[in-house]
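Taken together, the values in this text are just the output of simple stated rules run on the coordinates, not laboratory data. Since this is a predicted model, take the numbers as computed values, not measurements. Neighbour counts are summed over all protein chains in view; Cβ atoms, including those assigned to glycine, are modelled from backbone coordinates with ideal geometry.
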Amino acid sequence: MGGIENIINLSLLASMIRLSTPLILAALGGMYSERGGVINIALEGIMLAGAFSAAAVTVFTASPWLGLAAAAVAGLAVALIHAVASIRFRADQVVVGTAINILFLGVPALVSGALFESTGSTPQLPREQTLPDWHIPGISSIPILSQLLSDHKPVVYIALAAVPISYYVLFRTRFGLRLRAVGENPEAADTAGVSVARMRYAGVLLSGVLAGIGGAYLSIGQNSLFTRNMTAGRGFIALAALIFGKWHPVGAFLACLLFGLADAISIRMQGVVDIPVQFIQIIPYVLTLVVLAGFIGRATPPRAIGTPYVKEN
Amino acid sequence: MKSLLKELLFPLIAVVAAFLVGGIIVWMVGDSPLLVYDLFFTSAFGSIDGIGYTLFYATPLIFTGLAVAVAFKCGLLNIGAEGQLVSAAFATAWVGLLLPGWPALVVTILAMIAAVVMGGLWAGIPGVLKAKFGAHEVITTIMMNFIAAAIVSYLTQYHYRRPGDPILETFPIAERVGTTVVGPHLPRMSALLAPLGISFPEHLPLNVTFLLALVVCALVYVFLWKTKWGYELRAVGTNPSAAEYGGISIPRNIVIAMVLSGALAGMVGINDVLGYRYRYYDGFSAGYGFAGIAVALLGRNHPIGVLFAAILFGALDRSKLFIDIFTDKVSKDWTVILQAIVIIFVACEAAFRFGMKKRAAAKV
């Protein structure tokens with residue numbers, strides 16, 4: 001059973017944290033959007049936009065920090081398309097989200113073709129131009145924690161910090177209360193003087209920033225270039241984690257860790273244990289279906305999700 | 001007549017607007033929009049070859065467009081056509097692989113049935129989850145897409161791949177020998193038209209499935225607008241509470257709509273496996289399921305509209321290689337971007353209508 005021991009060890013958990021990072025950011029992003037009442041299935045497209053912008057800007061500026069900023073801005077811009085179409089123009093949120101996902105299969109490929117004369121990928125960045133590993137002084141002297149939590153990319157710490165911050169914002173601030181009110185009962189929120197549209201814009205735009213940063217982690221953190229469709233469904237897994245975690249920041253975080261662990265195990269199993277990786281890959285999706293069917297508790301979405309708000313005259 | 005014009009007006013505006021924005025993108029990338037438009041029209045419609053390929057590429061989109069439209073008529077958004085057609089295509093090939101040596105015609109018919117049943121089944125699961133537990137069909141169908149892709153790729157990779165084959169595909173179920181095909185398959189248009197004395201280029205993959213798609217268009221129209229079941233399904237989509245008050249079962253119609261939708265999406269498997277590749281090839285679908293959403297929206301969820309929208313998107317598919325080759329900078333991804341822009345414009349249609357109403361109201 002030497003194979004199993006090679007798979008389950010401390011470095012597996014460290015790799016779980018790394019693989020969960022883009023999921024955590026995208027899932028928390030999705031949470032802000034959906035808690036405000038706007039379904040965001042465009043997370044995949046937003047992540048792709050972030051991943052591509054990060055890589056492209058880093059190629060031109062040689063600074064991964066500018067790349068990271070560009071990813072946040074790109075995510076914001078794509079989310080703005082989503083927000084304007086689904087809030088201002090009351091378009092079907094799922095349809096717009098699907099269109100954005102299709103759009104950003106094409107846009108990075110077209111732009112990289114024009115900029116770098118390659119279809120679909122950006123030039124390879126030298127290692128020193130990708131995001132650095134952060135050595136955390138306090139933690140690195142503690143035996144087990146150092147292996148788990150030190151020497152990750154900065155984005156990993158952004159993601160880990162975003163969980164308690166999101167919890168605080170959502171449940172302990174006026175902004176969070178209003179956002180949730182707008183997603184549960186927009187009529188009542190409107191009567192109480194809260195601008196439904198403004199809160200929803202804020203939620204969707206926040207989701208763009210977070211998912212964009214999550215995308216950047218893929219291209220200039222884990223890798224050193226953007227490749228065609230490099231998110232490979234992570235936006236949808238993040239969406240699944242959000243539902244599995246019942247639209248709660250801590251729940252979504254734990255779900256992302258679980259799905260990240262499944263991913264980490266399937267990567268390590270390749271060539272070691274003879275279980276087809278496909279069986280591990282489908283775990284997040286099957287679990288989400290099970291939760292939606294109500295077998296493990298019930299996942300109840302924000303009540304007003306998916307419906308444009310029309311102000312009564 | 002006036003209402004027909006009104007129905008046509010918005011999709012046309014959306015398409016023209018999308019082409020204009022697409023032209024601006026071409027110009028920004030550094031090529032001539034006029035060249036790209038010219039390449040699009042001549043490659044897609046300028047020759048028998050072009051038209052043949054355009055219709056071939058349109059065939060799967062007719063099915064997925066109808067699939068999305070039928071679900072939409074019941075108030076459901078089936079974004080799982082992709083998983084339904086992938087599982088159905090595998091089932092189609094599976095029948096051929098399980099029944100070697102059976103008469104080709106029998107296997108062909110059984111394989112076609114398998115495609116429809118498998119697609120219906122795969123969509124039926126989200127249908128039941130929605131009807132019984134209220135699980136949102138958008139989320140469940142997304143999950144079902146990934147599950148289908150994983151299971152089918154597992155079966156192909158571990159059980160039905162020819163040893164040493166570098167491509168992830170199953171054993172063939174039929175083989176081309178000279179100009180004829182031996183084994184279960186649907187004939188190409190050239191083979192079908194030859195006995196009638198009409199010569200059609202043999203290399204064109206356009207096959208009988210396209211004719212099937214036209215027939216299915218008509219059947220969907222009859223079902224939705226000329227039968228009691230279609231009426232009930234649409235009633236649930238337009239006004240569920242009124243439908244329920246009138247004694248129509250909402251859960252029952254949700255399941256029916258999803259199963260029908262999946263069955264329609266499943267027919268894509270017939271085109272690819274029996275009409276074109278004669279095997280299951282993993283990754284054969286170029287996002288047909290998602291393009292189906294665009295086709296249904298643009299076609300206003302009406303079979304005739306779906307047919308025309310599918311031909312437009314088929315033409316884009318056909319022209320993308322030519323645009324890629326004969327321009328300096330524009331890659332084939334331009335056509336994908338154009339699809340997405342069409343969807344966004346059509347989806348924001350309510351905005352145009354709303355704006356017009358407001359202006360009309362202001363006049364009074």
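Quick notes
- Between the Cα long axis of helix A:283-292 and the first principal axis of chain A there is an angle of about 30°, rounded to the nearest 10.
- Normalised contact order of chain A, rounded percent, pairs of Cα under 8 Å and 6 or more residues apart: 36 percent
- Neighbour-count order for B:THR327, A:THR231, fewest beta carbons within 10 angstrom listed first: B:THR327, A:THR231
- For residues of A:35-48, the mean tally of beta carbons on other chains within 10 Å: 1
- In the elastic network of chain B, a GNM with C-alpha springs shorter than 10 Å, the most mobile of B:GLY22, B:GLY287, B:GLY119 is B:GLY287.
- Across B:LYS6/B:LYS226; B:LYS130/B:LYS332; A:LYS246/B:LYS130, pairs whose alpha-carbon gap is larger than 28 Å: B:LYS130/B:LYS332
- Counting Lys and Arg as +1 and Asp and Glu as -1 over every other residue whose Cβ lies under 14 Å from the Cβ of B:GLY275, the net charge comes to +3.
- Rg of the Cα atoms in the protein assembly as shown, relative to 2.2 N^0.38 Å, amounts to 0.97.
- Peptide A:103-116 is shielded by partner chain Cβ atoms: per residue, an average of 6 of them sit within 10 Å of its Cβ.
- Cα lying deepest toward the dipole's positive end in the range B:57-356, options B:PRO100, B:PHE200, B:VAL116, charges on Cβ: B:VAL116
- Kyte-Doolittle mean at least 1.0, axial Cα span of 20 Å or more - DSSP H helices of chain B: B:2-29, B:48-73, B:81-98, B:104-133, B:137-155, B:208-226, B:250-269, B:303-326, B:333-347
- The charge dipole of the range A:148-270, taken about the Cα centre with unit charges on the Cβ atoms of Lys, Arg (+1) and Asp, Glu (-1), comes to about 100 debye, rounded to the nearest 20.
- Footprinting exposure proxy ranking of B:CYS217, B:CYS74, fewest other C-beta atoms within 10 angstrom first, gives B:CYS217, B:CYS74.
- Computed [θ] at 222 nm, helices only, for chain A once each DSSP H run of length n ≥ 4 contributes -39500 (n - 2.57): -21500 deg cm²/dmol
- Per residue, the average separation of C-alpha pairs within less than 8 Å and at least 6 apart gives the range B:57-356 a relative contact order of 35 percent.
- The angle between the Cα long axis of helix A:93-116 and the longest principal axis of the Cα atoms of chain A comes to about 50 degrees, rounded to the nearest 10.
- Rounded Å value of the spacing that divides the Cα centres of the range B:248-296 and the range B:144-211: 17 Å
- From phi via Karplus (6.51, -1.76, 1.60), per-residue ³J(HN,Hα) for the range A:188-194 in Hz, x at Gly/Pro: 5, 4, 4, 4, 7, x, 8
- Among B:GLY178, B:GLY83, B:GLY247: highest mean-square fluctuation, GNM of chain B, C-alpha pairs under 10 Å: B:GLY178
- Sequence-distant aspartates and glutamates (8 or more away, or on other chains) whose Cα lies within less than 12 Å of A:LYS153: A:ASP133
- Counting only Cα atoms, the size of chain A along its three principal axes is 67, 49, 40 Å, in decreasing order.
- Helix A:10-35 axis, angle to chain A major axis (alpha carbon atoms, nearest 10°): 10 degrees
- Mean Cβ count within 10 Å, highest first, over the residues of peptides A:235-244, A:128-137, A:161-170: A:235-244, A:161-170, A:128-137
- Relative contact order [Cα under 8 Å, 6+ residues apart], the range B:23-159, whole percent: 23 percent
- Sorted fewest first by neighbouring Cβ atoms within 10 angstrom, A:THR307, B:THR180, B:THR170 come out as B:THR180, A:THR307, B:THR170.
- Mean partner shielding of peptide B:326-336, defined as the number of other chain Cβ atoms within 10 Å of each residue Cβ, is 5.
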